[in-house]
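The values are calculated or read from the model by the stated rules, or taken from the named source; none is laboratory data. For clarity, every value in this text was computed on a predicted model and none was experimentally measured. FYI the Cβ positions are ideal-geometry reconstructions off the backbone, even for glycines, and counts take in every protein chain you see. All accessible areas refer to the heavy atoms of the entire protein, side chains included, with ligands and DNA or RNA removed. Shrake-Rupley method; radii C 1.70, N 1.55, O 1.52, S 1.80 Å.
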Amino acid sequence: MTEEFNTQGAENLVAIANQFAQLGKVTAVKPLGSGNINDTFLVTIDSSEEQHFVLQRINTQVFRQPELIMQNMCTFTKHVRHRLQHTPVNRRWEVPRVLLTKNAHDHWKDADGSFWRAISFIEGSQSFDTIGDRSHAKEIGYALGMFHNLISDLPAEKLADTLTGFHITPLYLQHYKDVLAKASVSQSSEVNYCLQFVSDRQSFAHILENAKSQGILPLRLMHGDPKINNVMFDTVTQQAVSVIDLDTVKPGLVHYDIGDCLRSGCNLAGEETENWESIHFDTDLCQEILQGYLAVAKAFLTENDYAYIYDAIRLITFELGLRFFADYLAGNIYFKVKHPEHNLVRAIVQFKLTESIESQEIQIRNIIKDIK
């Protein structure tokens, strides 16, 4: 996608950014972050009020109904801002705002039909791909707990399901089987490892969805992608100040969020490592993140919720590996890749992490029991 932008030229990006720049003129547009789905830019404007905002081109191959994303975002950010006005928290906490175009629309389509939107930038903040400073762990948990708590009283049916099937592991398993049936699989020790790994865990894929359909786990709103690099930290206080990347907020199970947060936070080697021996699920970080989370989330969690936290950590890690592996077999059509084997490498990272989680099941379950 980036090459496309190089040929489009910077002027085009500035022109698009200017559609949203109500406070001043655009002076610069540069790429921001390392997201696998959308194209994201930081826009600088000559304004004394706000110097920056975030411009994004939504990937409509992934998000087929981008209008619904914007509708959701407006609904729940309004809800959260209302909550914060009535019950303020005793520290800095911000929610990204949707910025409107000069014609008061929440998005803009360019001549190619690309779907663009702008959101406020959380000034004086930064994010991290892995936990370098252990004091961040509790803050990451706090951030997700705060996010869930602030939307825990917003009825799930008020938001549209923008990605049908997203974080529903049995559907990913079915997709994988469909892809596998059509793919010409090149045999290698890495591919065989992945094939065997998935085969051994098929029955486990249904654990959370079964609990949901039996009414054991309630349908709530979830973030959908609470990787640690979606938590913004104040550059001065080093406290978490926001959770960003809100496209996947939708009705679902908070367990997928808890699992995903721990999956990304407790793997110090990171998602992109090729050194598989170094992959380890760090239970000390798990304990810190869960302490931070439960400090805020105890307000709405039930006894049944606690019972499924370990399963959620194991499942979401397996699920992501399954998604990477299926995409590799399909020819890399969903996730952006830097080389043809990239998604295979990513899948193995998640499967090795799953193995590390499984080998420490008793310890993880004890951590959950002790914190509760």
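Here Lys25 and Asp133 are evaluated by their C-beta separation; at R0 = 41 Å the FRET efficiency comes out at 0.60. Put a dot 7 Å past the Cα of Leu42, heading toward its Cβ, do the same for Thr75, and the two dots end up 3.3 nm apart. Going by accessible surface with a 1.4 Å probe and the largest first, Cys266, Cys74 read Cys74, Cys266.
Accessible area per residue for the chain in Å², computed with a 1.4 Å probe and the full protein assembly in place, what is it?
44 Å²
Between Asn210 and Gln174, take the C-beta separation as r, use R0 = 22 Å, and let me know the FRET efficiency to the nearest 0.05.
According to the calculation, E is roughly 0.90.
Pairs of C-alpha atoms in the range 216-372 farther apart than 25 Å represent 32 percent of all such pairs. Other residues whose C-beta falls under 13 angstrom from the C-beta of Arg134 contribute a net charge of -4, scoring Lys and Arg +1 and Asp and Glu -1.
Stretched out fully, how many nm does the piece from Ser34 to Gln85 gain, at 0.36 nm a residue minus the Cα gap?
15.1 nm
Annotation for Asp112 and Lys158: the two label points, set 7 Å from Cα along the Cα-Cβ direction, are 3.7 nm apart. Which distance in Å, rounded to a whole number, links the C-alpha centroids of the range 131-196 and the range 52-108? If you average the Cα positions of each part, the centres end up 22 Å apart. Taking every Cα-Cα distance in the range 68-173 and sorting them into 10 Å bins starting at zero, the pair-distance distribution P(r) comes out as 11, 31, 37, 19, 2 percent. With a simple spin-label model that places each label point 7 Å from the Cα along the Cα-to-Cβ direction, the separation between Ala307 and Ala15 comes to 6.0 nm. Of the solvent-accessible surface of the chain, computed with a 1.4 Å probe and all protein chains present, 50% belongs to carbon and sulfur.
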